[in-house]
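J.: One structure coming up, written as structure tokens, with questions to follow.
The values are calculated or read from the model by the stated rules, or taken from the named source; none is laboratory data. Computed from a predicted structure; not experimentally measured. Please note: Cβ atoms are built from the backbone with ideal geometry, for glycine as well, and neighbour counts cover all protein chains shown. Side chains are part of the model used for accessible areas, which takes the heavy atoms of the whole protein and leaves out ligands, DNA and RNA. Shrake-Rupley method; radii C 1.70, N 1.55, O 1.52, S 1.80 Å.
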Amino acid sequence: MKIVFDFGGVVFRWHPASFLARIWPHRVETLEQGAAMAAQFFQNYGGDWGLFDQGLIGADEVTRRIAARTGWPRGEVAAVVRAVPDELMPIPGTVVLIRDLRAAGHALHFLSNMPEPYADHLSQTYPLDEWFDSGLFSGRIKQIKPSAEIFAMAEKHFDAQPQDLLFLDDHPVNIDAALSRDWQAFLFTDAASARRELVSRRLLSA
């Protein structure tokens, strides 16, 4: 069994509502406001941000488009785009889980929707080569989840049959896409519950 991790919200912290509250305290006073603004800003990772994730436009262009679409000042939008790498901090419980899975002899990979600048930051800042055997960033391969194409590319890249892949992601639509290709998959909510699920599948000892 090869185990495949999503990054944002699974391996690395990604909570857009609190992120925007931190970067835009003058605009966001509550997490509810932050969630509403995040929906506008990131468009559920479709639209402008989806093109950025897919590597089809760069940071300057996504900034321009978001500012034009929302009316928010371009400098403020740029500040959010620049601040994302600092938000992407490793989740300690997941890092321990990764190390335990590797110690148990499992092959680990990643499949992440991530714009190229952020992919470069993560590759340069964290020991991805120690944590994972390989991985795919959407911005580098010009495909994004939940498209069937990115899962097909992953199967080839990870040299695995679909049924031999187990996928952890925090977005139900991506889990559904993986299951539709006969991957095994479950929704990640936190490291502790993921550990329990892996133990129940006999991939880790209790």
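J.: Does Asp169 satisfy being of a type in the set (D, E, K, R), open to solvent by less than 50 Å² (accessible area, probe 1.4 Å) and within 18 Å of the chain's Cα centre (by Cα)? Don't jump to the end; show me each part of the working.
T.: Values: of a type in the set (D, E, K, R): yes; open to solvent by less than 50 Å² (accessible area, probe 1.4 Å): yes; within 18 Å of the chain's Cα centre (by Cα): yes.
When the stated conditions are applied, Asp169 passes them.
J.: Being within 24 Å of Thr189 (Cα to Cα) and touching a residue at least 12 places away in the same chain (Cβ under 8 Å) narrows it down to one residue among Val96, Val80; which is it?
T.: On the way: Val80 fails: within 24 Å of Thr189 (Cα to Cα).
The unique qualifying residue is Val96.
J.: May I pose another question? So His121 ticks every box in (1) more than 30 Å from Ala83 (Cβ to Cβ); (2) surrounded by 14 or more Cβ atoms within 10 Å (Cβ to Cβ) but one. Which box is left unticked?
T.: Tallying (1) more than 30 Å from Ala83 (Cβ to Cβ); (2) surrounded by 14 or more Cβ atoms within 10 Å (Cβ to Cβ), His121 fails exactly one: (1).
J.: Sort out which residues of segment 124-164 are under 20 Å from Val84 (Cα atoms), open to solvent by less than 30 Å² (accessible area, probe 1.4 Å) and not aliphatic (A, V, I, L, M), and write them in order of number.
T.: Phe137, Ser138, Gly139, Lys145
J.: For segment 6-26, name all the residues that are more than 16 Å from the chain's Cα centre (by Cα) and open to solvent by less than 70 Å² (accessible area, probe 1.4 Å).
T.: Going residue by residue through segment 6-26, those that are more than 16 Å from the chain's Cα centre (by Cα) are 18, 20-26.
Hits for segment 6-26 are Ser18, Leu20, Ala21, Ile23, Trp24.
Residue-wise test of (1) closer than 19 Å to Phe137 by Cα; (2) surrounded by 13 or more Cβ atoms within 10 Å (Cβ to Cβ); (3) touching a Cys at 6+ places or on another chain (Cβ under 8 Å).
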{"position": "Asp60", "(1), (2), (3)": "no, no, no"}
{"position": "Gly71", "(1), (2), (3)": "no, no, no"}
{"position": "Leu97", "(1), (2), (3)": "no, yes, no"}
{"position": "His109", "(1), (2), (3)": "yes, yes, no"}
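J.: Between residues in segment 13-37 that are under 21 Å from Tyr118 (Cβ atoms) and without any contact (Cβ under 8 Å) to a residue 40 or more places away in the chain and residues that are of a type in the set (Ser, Thr, Tyr) and not in a helix (DSSP H, G or I), which pairs lie under 8 Å by C-beta distance while being six or more apart or on different chains?
T.: Note: pairs meeting the criteria are Ala21/Thr30.
J.: Quick check: anything in segment 54-71 assigned to a helix (DSSP H, G or I) and in contact (Cβ under 8 Å) with a residue 60 or more places away in the chain?
T.: Here is the first cut: in segment 54-71, the ones assigned to a helix (DSSP H, G or I) are 59-70.
So of that shortlist, the ones also in contact (Cβ under 8 Å) with a residue 60 or more places away in the chain come out as none.
Scanning segment 54-71 turns up no residue that is assigned to a helix (DSSP H, G or I) and in contact (Cβ under 8 Å) with a residue 60 or more places away in the chain.
J.: Give the residue, chosen from Glu116, Glu87, that is of a type in the set (Asp, Glu), farther than 15 Å from Phe5 by Cα and open to solvent by less than 10 Å² (accessible area, probe 1.4 Å).
T.: Values: Glu116 fails: open to solvent by less than 10 Å² (accessible area, probe 1.4 Å).
Among Glu116, Glu87, only Glu87 is of a type in the set (Asp, Glu), farther than 15 Å from Phe5 by Cα and open to solvent by less than 10 Å² (accessible area, probe 1.4 Å).
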